[in-house]
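A short worksheet on the structure shown next.
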Number of protein chains: 2
Amino acid sequence: MKNKNENFDILVSSVRRYINTGAKTRLWNFLSKLRAEDIAYIFDRLVFENKEILFDLLKTKDIEKLATVLSEIDTEDAVKLLKNLEPKEISLILNKFSSDDAVDLLSHFPEDIKEKIIKCMSKEESEDVKELLQYEEDTAGRMMSTDFYALEENTRISDAVAAIQLAADVEIPFYLYVVDENNRLTGVVSLKKLLLFPPSTKLKDIMLKDPIFVKTDTDQEQVAKKVARYNLVAIPVVDDELHLVGVITVDDVLDIINEEATEDIYKMAGVVSGERIQDPLPESLKKRLPWLLLALLTTFFSAIVITMFEGVIKDVIVLAALMPLVAALGGVAGNQTNAVVVRELSIADFDWKIGKRLLIKHSFLGLLLGIIVGTFGAIFIDLAYKLLGKPIEPITLLIFGLGISINIINGLLMGTIIPMSFKVSGIDPALSSNMFVSMFTDTFGFFIFLQLAKAFYHV
Amino acid sequence: MKNKNENFDILVSSVRRYINTGAKTRLWNFLSKLRAEDIAYIFDRLVFENKEILFDLLKTKDIEKLATVLSEIDTEDAVKLLKNLEPKEISLILNKFSSDDAVDLLSHFPEDIKEKIIKCMSKEESEDVKELLQYEEDTAGRMMSTDFYALEENTRISDAVAAIQLAADVEIPFYLYVVDENNRLTGVVSLKKLLLFPPSTKLKDIMLKDPIFVKTDTDQEQVAKKVARYNLVAIPVVDDELHLVGVITVDDVLDIINEEATEDIYKMAGVVSGERIQDPLPESLKKRLPWLLLALLTTFFSAIVITMFEGVIKDVIVLAALMPLVAALGGVAGNQTNAVVVRELSIADFDWKIGKRLLIKHSFLGLLLGIIVGTFGAIFIDLAYKLLGKPIEPITLLIFGLGISINIINGLLMGTIIPMSFKVSGIDPALSSNMFVSMFTDTFGFFIFLQLAKAFYHV
């Protein structure tokens, strides 16, 4: 047995070759031996025209496999491919989806087409889909599966096993959920326990009471945190009256964690979330341009500040060369701090005491870093410019070192205050991106440095 | 039933109050009602002296719970708390750990103390620990659990169930792994299947053949990717001869995904990975200072470039105000690109074809973004400075627009080339942090803008 999954580069290029040479029969022979997840992986690495070819082939050959592939690939691609089909055809494919994945795709269609597709779907699937669509996007209700095992507390193990055997096609249940006579969640039993106790044992006697759960309106990030914290493989979802209405499995949680981490990274770098390298040019342009124009506005403040000090720069021209260093060092210090604070806020909830302690700590840290880097910076620049044959006046070096120190303190404070105030105001702290922190450290850095210079030189 | 997990702020402040008032009995009454995972959550939010108090209390009251808490909290804290104890005492606590978590902690101890602790551990646990310690850090071998279910292919369901009943204390197995007579992995059976087929059925007839697996030396990031791709809750680990040696469960994978995402974010912002907001001041200082000093070096190149053009800046002083904009916009464009490319490279493997296509796409995208932002920037600055009563010469505006355009193209190319060359050279692309990209966009941005100005003005 060799590990088929090791060398995906070869798989991807084989598929490309078959497509380019039009060898559809061989392509299908090749694909039919692969897992749907592997096809999905290859799929994501093809150009869009090749994706269309693969999509058409799977549609005629194995609609079940196509459904799995579509639920694993990039959602935007799946929607684009499906949009070319008639609602009837789309519904046939979506019937094979798990209801949460179907809803995820459907939410990308315009209202009228969505209605049409749902009307064409099988009765059972359309009911599930309609139920999930009631809930807000990014909540537990939207991502839960309505296929789950729930049995009444007084059920005996023997009857539970019989029930599982009857419903063999329901998604693999790792846990069996136990409810009272009113369908309210009261416990959970692992499948293993069914094997450990005598068949006549009642579920309520072996169940784990007080199970961890989430509500239908719980945010998906909170769901992910809970599953991770309690090391679960599935978490039950209840409504306001604690009725069990669905289950979320850990594979969906993994997807969310990856998604949220990507979003954080993107937001911090000032990219609209969701940009993929496969995006066509106009889409990437649309996603990046707004941030660049915003950057133009924020950097404009620096220009204004510098213009205010044209006189002293003209007199001491070396200030022009040194001022970007003061601004940049404050920016680096601010962005380091911002990264630590944003990440911490995304893992934990905000807490005023931690906030206050952090601010105090960062003030001291800023002072220390400022003094060290400022002193080192002044010495370094002194030596470097002496070597260049353009020695700098001691007073300028002093201003330079002081400017760096103050701006580094500023960076640490901004990197702490900005994400915390975002969090408190209910804005995602990841949006306190490098750009915002840099705007403050740049503007203030130029200002403090040039103001110091003006004060010393133009007395 | 109320959801105990909703309001952690209250739990944390209750614990703080009990500790501050020295009410240890009430503190223990309170803690004994909480899950170990919740105690771990509270733990991470306390100052270190309070952590010590909680640690001592748990050690005397419930060593089992203490073990679970220690395996869930920040590793550095756990090590610091344990270091105050004698090797004998440490080994008693570690005996209650799962072997992979024990190894994780042990690897933070100096070699001689590690040996002593292992010697004091129970025979079974110390053997498991020694086995795992053979493998490199951050590999599947290190993180796998050696408690798992493996049965021979010809075992009948009835015997499999009996075996599970006998080994009731082994970690919850979601799957049963099937091996041939040489202990080589050949298949996997879900627990549910044991319930669906007659007791006399052989495992080889119901098992899923050709199971997904990883090798002991597979990198933990690859393990996480595989588990996510195939939607698994556990993955078997084999040695070079395909003998089954361990199992990795999805809860460890969740931790890794979170850890790697945090690392990526930190590296991109230029913070040594692993900084936590609870770190004491000297530790944070040590982690951040090197990057700031590196930033001093990289920004120094900008200063040199500017010094080269002192003449033209003195003549056209508005250049001093405009040059940071040219540099900053290139930086923003570069960092956007870098974030997209780094994230993509961390999800997928590198592929030359995608690399080439990306470079072509980003050249065009850079050209478009450059022209749009450059034009818009020149118009905006023209209007803004007219309003300030300091109109700028048309030729300067042209140089400004051109400079922005060229530096944005530069940003997109650097944001693509730097992380790709890191990946190809085997360096983590996340290290191609904002700092490196900014160094190139700053230096080049100042150079191209001032060179253009010099060419136009000093002809």
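General observations
Each row is one residue, and each column tells you yes or no for (1) assigned by TED's automatic domain parsing to the domain that holds A:GLU131; (2) at pLDDT below 95; (3) part of a helix (DSSP H, G or I); (4) of a type in the set (S, T, N, Q).
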| position | (1), (2), (3), (4) |
| --- | --- |
| A:VAL15 | yes, yes, yes, no |
| A:LEU27 | yes, yes, yes, no |
| A:LEU34 | yes, yes, no, no |
| A:ILE39 | yes, yes, yes, no |
| A:ILE42 | yes, yes, yes, no |
| A:SER71 | yes, yes, yes, yes |
| A:VAL79 | yes, yes, yes, no |
| A:LYS88 | yes, yes, yes, no |
| A:LYS96 | yes, yes, no, no |
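- Residue satisfying condition, being touching a residue at least 12 places away in the same chain (Cβ under 8 Å) and either of a type in the set (Asp, Glu) or buried (at least 19 other Cβ atoms within 10 Å of the Cβ) (or both), within set B:GLU124, B:GLU153: B:GLU153
- For region A:170-195, filtered to residues that are charged (D, E, K, R) and either within 32 Å of the chain's Cα centre (by Cα) or more than 12 Å from chain B (Cβ to nearest Cβ) (or both), the residue that is nearest to A:SER99 (Cα to Cα) is A:GLU171.
- Test: A:LEU358 is more than 29 Å from B:GLN336 (Cβ to Cβ) and surrounded by fewer than 24 Cβ atoms within 10 Å (Cβ to Cβ): no
- Taken together, A:ARG45, A:ARG26 contain a single residue that is more than 19 Å from A:PRO280 (Cα to Cα), of a type in the set (Lys, Arg) and out of contact with any His (no Cβ under 8 Å at 6 or more places or on another chain), which is A:ARG26.
- For region B:381-395, the criterion of a residue being over 24 Å from B:LEU319 (Cα atoms) and within 11 Å of another protein chain (Cβ to nearest Cβ) is satisfied by no position.
- Taken together, the residues in region A:207-260 that are at positive phi and in contact with an Asp or Glu (Cβ under 7 Å, 6 or more places away or on another chain) amount to 1.
- Within region B:388-411, residues that are over 20 Å from B:VAL332 (Cα atoms) have Cβ atoms under 9 Å from residues that are not in a helix (DSSP H, G or I) in these pairs: B:GLU393/B:VAL316; B:THR396/B:VAL316, counting only partners at least 6 apart in sequence or on another chain.
- Criterion violated by B:LEU46 - all others in (1) in a helix (DSSP H, G or I); (2) within 28 Å of A:LYS356 (Cα to Cα) satisfied: (1)
- Assessment of region B:243-256 against the conditions (crowded, with 19+ Cβ neighbours inside 10 Å and either in contact with a His (Cβ under 8 Å, 6 or more places away or on another chain) or free of Cβ contacts under 8 Å to residues at least 24 places away in the same chain (or both)) yields at least one matching residue.
- Some residue of region A:214-229 being within 24 Å of B:SER190 (Cα to Cα) and either more than 10 Å from every other protein chain (Cβ to nearest Cβ) or surrounded by fewer than 23 Cβ atoms within 10 Å (Cβ to Cβ) (or both): yes
- In region A:52-64 there is no residue matching the filter, namely being in a helix (DSSP H, G or I), within 12 Å of chain B (Cβ to nearest Cβ), out of contact with any Gly (no Cβ under 8 Å at 6 or more places or on another chain) and surrounded by 17 or more Cβ atoms within 10 Å (Cβ to Cβ).
- Of everything listed in (1) touching a Pro at 6+ places or on another chain (Cβ under 8 Å); (2) among the aliphatic types (A, V, I, L, M); (3) outside the structural domain of A:LYS59 (by TED's automatic domain parsing), the single unmet condition for A:ALA162 is (1).
- Matching residues, region A:132-163, being under 15 Å from A:LYS215 (Cβ atoms) and either modelled with pLDDT of 90 or more or not in a loop (DSSP other than H, G, I, E, B) (or both): A:LEU132, A:GLN134, A:TYR135, A:GLU136, A:THR139, A:ALA140, A:GLY141, A:ARG142, A:MET143, A:MET144
- Looking across region A:287-311, the residues that are charged (D, E, K, R) and either closer than 27 Å to A:LYS267 by Cα or more than 7 Å from chain B (Cβ to nearest Cβ) (or both) come down to A:LYS287, A:ARG288.
- Contact map, region A:439-451: residues that are farther than 15 Å from A:MET414 by Cα paired with residues that are among the hydroxyl-bearing types (Ser, Thr, Tyr) and in a helix (DSSP H, G or I), Cβ distance under 8 Å, separation 6+ or inter-chain. Pairs shown: A:PHE446/A:SER302.
- Answer residue from region A:2-13, given it is outside any helix (DSSP H, G or I) and exposed (fewer than 14 other Cβ atoms within 10 Å of the Cβ) and is modelled with the lowest pLDDT among those: A:LYS2
- Some residue of region A:407-424 being of a type in the set (Val, Ile, Thr), assigned to a helix (DSSP H, G or I) and facing chain B (nearest Cβ under 10 Å): yes
Yes/no matrix, rows are residues, columns are (1) at pLDDT 85 or above; (2) surrounded by fewer than 24 Cβ atoms within 10 Å (Cβ to Cβ); (3) over 23 Å from A:GLY377 (Cα atoms):
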| residue | (1), (2), (3) |
| --- | --- |
| B:LYS286 | yes, yes, no |
| B:SER302 | yes, no, no |
| B:MET308 | yes, yes, no |
| B:GLY311 | yes, yes, yes |
| B:ALA327 | yes, no, no |
| B:GLY331 | yes, no, no |
| B:ASN335 | yes, no, yes |
| B:ALA348 | no, yes, yes |
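- Taking every residue in region A:318-330 that is within 7 Å of another protein chain (Cβ to nearest Cβ) and pairing it with any residue that is in a helix (DSSP H, G or I) and among the hydroxyl-bearing types (Ser, Thr, Tyr), at least 6 positions away or on another chain, the pairs with Cβ-Cβ distances below 6 Å are A:ALA321/B:THR307; A:PRO324/B:SER302; A:LEU325/B:THR299; A:ALA328/B:THR299.
The values are calculated or read from the model by the stated rules, or taken from the named source; none is laboratory data. Keep in mind it's a predicted model, so treat the numbers as computed, not measured. Backbone-built Cβ (ideal geometry, glycine too); neighbour counts: all protein chains shown.
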